[in-house]
Amino acid sequence: MKALWISLKIFLFFTILTGLLYPLMVTGFAQILFPSKANGSLIVRKEKVVGSELIGQQFDSTIYFSSRPSAVSYNPLPSGGSNLGLTSTKLKNLVDERQRQFLEFNQLDSHTAIPSEMLFASASGLDPHISPKAALLQVNRVAKAREFNESKKQRLIRAIDELTEKPQFFCLGESRINVLLLNLKTDEIK
């Protein structure tokens, strides 16, 4: 009976320590040191949350840059990939259809090399980034849909350059651009 009582006290101690005190301490430090990141990196415009820097969104309008395809329709709850392998006929058909749609939507020549992130969904289905090349391939469509003159189109290209994030520590990953931030910057061009 004594061993049971000692075991129960140890269980309660570690439950309080690891299940209550430690999470509260970590949350408190995160709220103090990194409040934006701790709250989901939410982007607020006119007192309204328009999205998160961390989660991709679908943009179908011609006046916006398109995001990377998502296997989960940009839903963060069941995030994940399609799990289709490179030998899958279904994946080949999806890629072919995405390529056709991207070329048609952006009025590009059929020989245009499309960056892979515009053809393949990310592993999470929520990647908010595309490559600068993918963004530049969409500039003419966005500028035309917004009736931008050449000066505004050049501002749009500069916005892509300004918002491009370099590889982390100069060697991890590739240059990328957050589509939501780019679309919000595009809205500011008047």
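Listed values, structure above:
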quantity: With every protein chain in place, the chain: carbon and sulfur % of accessible area (1.4 Å); calculated: 61
quantity: Sequence-separation-based contact order of segment 103-165, relative, with Cα cut under 8 Å and 6+ spacing, percent; calculated: 31
quantity: Rounded to whole Hz, the Karplus (6.51, -1.76, 1.60) HN-Hα couplings of segment 103-114, x for glycine and proline; calculated: 4, 5, 4, 9, 6, 9, 5, 5, 8, 5, 7, 9
quantity: Label of the coordinate-derived value, semi-axes √(5λ) of the Cα gyration tensor in Å, listed as (i) 42, 23, 14; (ii) 26, 19, 15; (iii) 70, 18, 14; calculated: (i)
quantity: Gyration tensor over alpha-carbon atoms, segment 24-77, equivalent ellipsoid semi-axes in Å; calculated: 28, 15, 8
quantity: Dimensionless Rg ratio for segment 80-154, taking C-alpha atoms and the 2.2 N^0.38 Å reference; calculated: 1.28
quantity: FRET efficiency for Trp5 and Leu54, using Cβ-Cβ distance with R0 set to 41 Å, rounded to 0.05; calculated: 0.30
quantity: Dipole moment magnitude, nearest 20 debye, segment 1-86 about Cα centre, only Lys, Arg, Asp, Glu C-beta charged; calculated: 280
quantity: Karplus 3J(HN,Hα) series, Hz, for segment 140-146 with 6.51 cos²θ - 1.76 cosθ + 1.60 (x for Gly, Pro); calculated: 4, 5, 5, 5, 5, 5, 8
quantity: Cα-based equivalent ellipsoid of segment 138-190: semi-axis lengths in Å, sorted from largest, via gyration tensor; calculated: 25, 10, 9
quantity: Given Lys37/Lys133; Lys90/Lys166; Lys133/Lys185, the pairs whose alpha carbons are separated by over 25 Å; calculated: Lys37/Lys133; Lys90/Lys166
quantity: Taking the chain and dividing mean pair separation by its residue count, relative contact order in percent (alpha carbons under 8 Å, at least six apart); calculated: 20
quantity: Packing-based order for 6-17, 158-169, 127-138, using average beta carbon neighbours within 10 Å, highest first; calculated: 127-138, 158-169, 6-17
quantity: Å² of accessible area per residue within the chain, as computed with a 1.4 Å probe and no ligands counted; calculated: 67
quantity: Built amide H within the under 5 Å cut-off of Ser52, gap 5+; calculated: Ile43
quantity: Estimated [θ] at 222 nm from DSSP helical runs (n ≥ 4, -39500 (n - 2.57)) normalised by residues in the chain, nearest 500; calculated: -13000 deg cm²/dmol
quantity: Net charge dipole size for the chain [Lys, Arg +1 and Asp, Glu -1 on Cβ; Debye, nearest 20]; calculated: 360
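The values are calculated or read from the model by the stated rules, or taken from the named source; none is laboratory data. Model, not experiment: these values are computed from the prediction. Cβ atoms come from the backbone with ideal geometry, glycine included; neighbour counts cover every protein chain shown. Remember, those area values only see protein heavy atoms, side chains included, never the ligands or the DNA or RNA. Shrake-Rupley method; radii C 1.70, N 1.55, O 1.52, S 1.80 Å.
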